[in-house]
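Report on the structure given below.
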Amino acid sequence: MTTPTPTFVNLMSEVTGTVQGHRDGHGFVLAEEGDASIFLPPQEMRAVMHRDRVKVRVVRFDRKGRPEGLVLEIVERRKTPIIGRLLHEGGAWLVAPEDRRFGQDILIPAKATAGAEPGQVVSVELTEAPSLTAQPIGKVVEVLGGIDDPGMEIEIAVRKYEVPHRFHDDVLAQAAKLPEKVRATDKKGRIDLTDVPLVTIDGEDARDFDDAVYCQPDTIGRSKAPNAWRLIVAIADVSHYVKPGEPLDSDAYERATSVYFPRRVIPMLPEKLSNGLCSLNPEVERLSMVCDMLVTAEGELHAYQFYPAVINSHARLTYTEVAAVLGNTRGPEAQRRAELVPHLLHLHEVYRALLKARATRGAVDFETTETQIVCDDNGRIAKIVPRVRTDAHRLIEECMLAANVCSADFIMRAKHPSLYRVHEGPTPEKRSLLKNYLKALGLGLSIGDEPKPGDFQAIAQATKDRPDAMQIHTMLLRSMQQAIYTPANSGHFGLAYEAYTHFTSPIRRYPDLLVHRVIKSLLGSGRYGLVLPANVVSSVSNFKRKPGGKGVPQKGLPAAPVKTSARIKLPPAELAAWETAGIHCSANERRADEASRDVEAWLKCMFMRERLGEEYGGTVSAATSFGLFVQLDGLYVEGLIHITELGGEYYRFDEARQELRGERSGVRYGVGTRVRVQVSRVDLDSRKIDFRMVREGAEPRQPSAAGTRRKGRAADAGAEVSAQDELAEIRELDREVKRGGKAAKGGGGKPASKGRDRVSVAATVSGARGSKAASKKAAGRPRTSGKR
C-alpha cells in the first residue's frame, strides 16, 4: 500500500476539518482534504467540542514543525447526545462526559435533569454551545440508570460510539410482514439440496447460523479411486429478503456489522431474520447461496460453481462436539452423531488438504491466545478463560476461506466491481522497525524490502520453540496493517491470496451481502448497480476521507490501494459509491471493535476493583516509552506499570529491541519479561488498571480505587501526585546527589545528599546499590497516576 503524501500547510493558511479532542484538554483538527493535523491548545478548545466541524487558521509552528491553529469558524456543531454521569457539586448540576475527549463538563439547569439522581448515567443534548467564557449547557433527554446496574456498560458503549441499537419502526414493520418459513414461491429457480446432510458448526453461545458445510470424496480425471473432495459451503441467502432501497437494507447499511458484547449482541438485521428466517437452523428449510467446490489432494481449488439452493441443516453442532468426535470416533459424542461421523471425517480430510495448500502459499499463521469473558447472572465477570482453538475451529475457517476465495475469483474474472477484503504488507516504517528489531536480537533472520507472507511465516516457525517466541510473534503481528474493504483489489497479504472477499457471513456483515448481490447478478447474466441508501449519512467521526479524496480515513484506517492493475474502470459516480461503501463498512467495523473493547475494559476494571492491593505474577505484553503493559497470569487482565514505578533511575526506551533499559543499573524490561506486581489503581472512567512493581523489602502502599468515581474532583486531584511531578522530583534528587558529590570532593567528606537516595529496581532485587532502608524510602512515595 502506498503511503499517503503528507499535506504541508503554510503559515496563515486556512483548513477545514473535524475536531479530535484529547483528555488532557488540547485537541487537533483533522483536515478534510489531505492528512494535515492542526494542533489546538486548551484555550482554543474551550469554544469547541470533540467532533465539531471547524475552520482554523495556522498561526504558528512548534519546534518540530507541527502547525498550531486558531479557530475562525464553527462550521457545524455535533448534534448527537452526549453520555455521562450526573453530578451535583457546589449546588450546581452538571454532567461529566463518559468520553473524556469532550474535555468540558456540561451544566444542567435544575429543571432539566429529567428526575435523574446524582451519580446516574444520563444522555444529554446541548441547548447552549460552549464559548471562550462559558461552559456548555444541556438538558437530560434519557436516564439510563445507575453506574452499577447490570448491562450499563453496554448501554454506555452503544451511545458513546454511536452504534445504532434500535431498529426504526418502518424496519420492524417490514420484518413483521416477512413469512415465518420458506414458501413454495421462494424455492423457484433453486437447486434442492435438502437431502444433503449439511451441518452447522459454531460456538455453544451462537444464535445466528450463517454457514453449513458438507464434504464427500470425489474424483478428478479418469481415476477410479477418489482423488479429491467435493466441498459444499451453503451460506444464508439474506439478499433474497433484504432488497436494495428498502428500510431493511437502509438500516443494515447504516450498521454495516453486528456488534458482539459479552452476553449481548447488537444485530445488523432484526431478530426475525438474524435468528429466524435467514439463520440456517436445524431441521428446517432455508434459502442459501451455495459455493460448490472440487478440492484436490494437495488442497488446490480445481473447480467451483455458485448457485441458489434450498437446504435443510441436518444438525446444529458445536466446535467442542466436533473436536470430540474427531478425537475419538468411538466416544459418546460420536455415538450420538453416528450417522454424521463419516461426513465429519471427510470434512477433516479436506481440511488437512487445504492446510497443505496454506503452507505451500506461505500464509501467515500465528498461534495467539484469545480469551472469553464468562459473566455471572448480574453481568459481571465470573472468570476469564482462554479460547482453545481445535481442529474443528480450523476446519470451518479453512472451508470459509475457500468459499471466500472462490467468490473473489468469480467476481474478478467477470470484471465486475465489488468490495474486496484487502490486507496490504507492512508499511516502510513498520518494516524498518521490524528489521531493526530482528537484527538487534541477532536471530540471523530478517525480511526484505518487499517481504512476502512466507517470510513472516518462516520466522514464526523458526522461533516457535524459543523462550522469547511470544515476544517475536507479537512484533511480527504488530508490523501488519489492518485489513479494509475496498473496490480496488490488491490481494490479502496475511492469507497470501491474490484476491479475497467476504462472502460467508451476510447475516452479520454488509460487505458479504453486497458480494451476494453481485454474484446473483452475474449468475443471471446481469450487472449489479450499487446505489447507496439516500437517508444514511456516514458519521464524520467514522471516516475522514471523502470518496475520491486524498485523505486517509480516520481511526487508523489505511488508505485504499491505488495500484493501477487493481482498479476497474468505472463511471465516477459508481466508483465513488463503491469507495464510500468500503470506507463506511471499514470504519463501522472499527467502531464495533472499539465498542466491544470498551465494554470488555469496563468489565475488567470492575473485576479488578475488588482485587486492589493483591499481588500477581505476570508477563510484560508491551514496552513503551511511558511504561510496561503486563498481563496477569491466570486472569488474562492487562494493566500498566508506569515508568515512574520502575524505580529511582532513568529508563530509556529502546525502540529496536522494544524494551526499557535502566541507565544506571542496566536492568531491562521487554515483551516476555516475567514480573510480580500489585494492583495499585483502577480507574473506571478511563478504563485503566495500574500496577506497581513488587520489590523485595518494599513497604505496601495504599491502593487507589479511582473507579469509585469522583465526589469532589478537586479533592481527588490533590490526593495524588502527577507522574511529571514525581519525575521532576527524581531529577531534582539527581541534581542534589551531583551537587553533594562535588561538595564532598572539595569539602572533605560532606554528606553526598540531603535528599533520599534513589534506588533502582535491579539494586533493590540484587543489592547492587543502596541500602534496604533507602529502598523502602524509594518505594514509599505516593502513588502516581501517569499518562499513557
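Taken together, the values in this text are just the output of simple stated rules run on the coordinates, not laboratory data. Not measured: the values here are computed from a predicted model. Counting neighbours? That spans all protein chains shown, and the Cβs are built from the backbone with ideal geometry, glycine included.
Our coupling estimate for region 50-64, obtained by passing each phi through the Karplus curve with A = 6.51, B = -1.76, C = 1.60 and θ = phi - 60°, is 3, 6, 5, 9, 9, 10, 10, 10, 6, 10, 6, 10, 7, 5, 9 Hz, Gly and Pro reported as x. FRET efficiency for the pair Ile147 and Arg264, taken as 1/(1 + (r/R0)^6) with r the Cβ-Cβ distance and R0 = 22 Å, rounds to 0.80.
Which GluC sites (Glu not before Pro) in region 366-414 sit in a loop by DSSP (not H, G, I, E or B) and have at most 16 other Cβ atoms within 10 Å of their own Cβ? Hits after loop and neighbour filter: Glu367. Given R0 = 41 Å, the distance between the Cβ atoms of Lys177 and Lys415 translates into a calculated FRET efficiency of 0.65.
Taking packing as the residue-averaged number of other Cβ atoms within 10 angstrom, the listed peptides 125-137, 470-482 run from highest to lowest as 470-482, 125-137. The label-point distance for Lys224 and Ser131, in a model that sets each label 7 Å from Cα toward Cβ, rounds to 9.5 nm. Full extension of the chain segment joining Asp24 with Ile191 gains 54.0 nm, where the gain is 0.36 nm per residue of separation less the Cα-Cα distance. Under a 5 Å amide H cut-off, with hydrogens placed 1.01 Å from N, Thr486 pairs with Tyr420, Val422 among residues at least 5 apart or on other chains. Suppose R0 equals 30 Å; then what is the FRET efficiency for Ser446 and Phe366 from their Cβ-Cβ distance, rounded to the nearest 0.05? Computed FRET efficiency for Ser446 and Phe366: 0.95. Each of Arg263, Arg674 was scored by other Cβ atoms within 10 Å of its Cβ. Arranged with the fewest first, they read Arg674, Arg263. In this rough spin-label picture, where each label sits 7 Å from Cα along the Cβ direction, the Glu283-Phe626 distance is 5.7 nm.
Add +1 for every Lys or Arg and -1 for every Asp or Glu among the other residues with Cβ under 12 Å from the Cβ of Leu340, and state the total.
0
Taking amide H as placed 1.01 Å from N in the peptide plane, the amide H of Gln372 sits under 5 Å from that of Val385, Arg387, each at least 5 places away or on another chain. Distances between placed amide hydrogens fall under 5 Å for Ala114 paired with Val140, all partners being 5 or more residues away or on another chain. Report note on the peptides 289-302, 227-240: ranked by the mean count of other C-beta atoms within 10 Å, highest first, their order is 227-240, 289-302. A full extension of the chain between Asp377 and Arg527 corresponds to an added length of 49.0 nm, given 0.36 nm per residue minus the alpha carbon distance. Peptides 640-652, 54-66 ordered by packing proxy, namely the average of other Cβ atoms within 10 Å per residue, highest first: 640-652, 54-66. Label positions at Asp633 and Leu72, each projected 7 Å from the Cα along the C-beta direction, are separated by 6.1 nm.
Taking the Cα of Ala359, stepping 7 Å toward and past its beta carbon, and measuring to each backbone N in region 441-476: which are under 19 Å? Only 453-466 fall inside the zone, counting backbone N under 19 Å.
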